[in-house]
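Q: Handing you a structure now.
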Amino acid sequence: MSERISRGDVEHVARLARLELTDDEIDLFTGQLGDILEHAADIEALDVGDIEPTSHPLPLVNVLRRDEIVASVDRDEVLAQAPANEAGQFRVPPVLGEEP
């Protein structure tokens with residue numbers, strides 16, 4: 001990047017973002033944003049034409065277990081322990097409105 005970001009640029013961006021910055025903050029952010037833009041320019045200047053695009057530097061594999069049907073608890077036994085049930089399902093009080 002041939003030109004660093006100016007103080008006026010930082011003030012303009014702060015105004016667009018509706019940020020109220022002090023003079024010290026504007027000076028601080030002008031330097032920091034300039035450094036960030038220089039680093040981005042350095043990365044942009046790299047020749048990456050022969051590098052294959054990737055979303056992650058390491059190969060990722062699915063680490064989930066296989067989905068297998070196994071024996072479970074009995075539905076009637078679980079529903080018998082519920083405070084209320086109806087038609088084979090848990091009955092809960094309504095979230096909105098009156099209590100049942």
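Here, each number is a calculation from the coordinates, and none is a lab measurement. Only a predicted model underlies this, so the values are computations on that prediction, with no experimental measurement involved. Note that each Cβ is placed from the backbone with ideal geometry, even for glycine, and that neighbours are counted across all protein chains shown.
Q: Going by the conditions given, is V61 among the aliphatic types (A, V, I, L, M), more than 30 Å from G8 (Cβ to Cβ) and assigned to a helix (DSSP H, G or I)?
A: When the stated conditions are applied, V61 does not pass them.
Q: Return the residues of region 8-26 that are of a type in the set (D, E, K, R), in a helix (DSSP H, G or I) and loosely packed, with under 13 Cβ neighbours inside 10 Å; say none if nothing qualifies.
A: Those that are of a type in the set (D, E, K, R), in a helix (DSSP H, G or I) and loosely packed, with under 13 Cβ neighbours inside 10 Å: R15, D23, D24.
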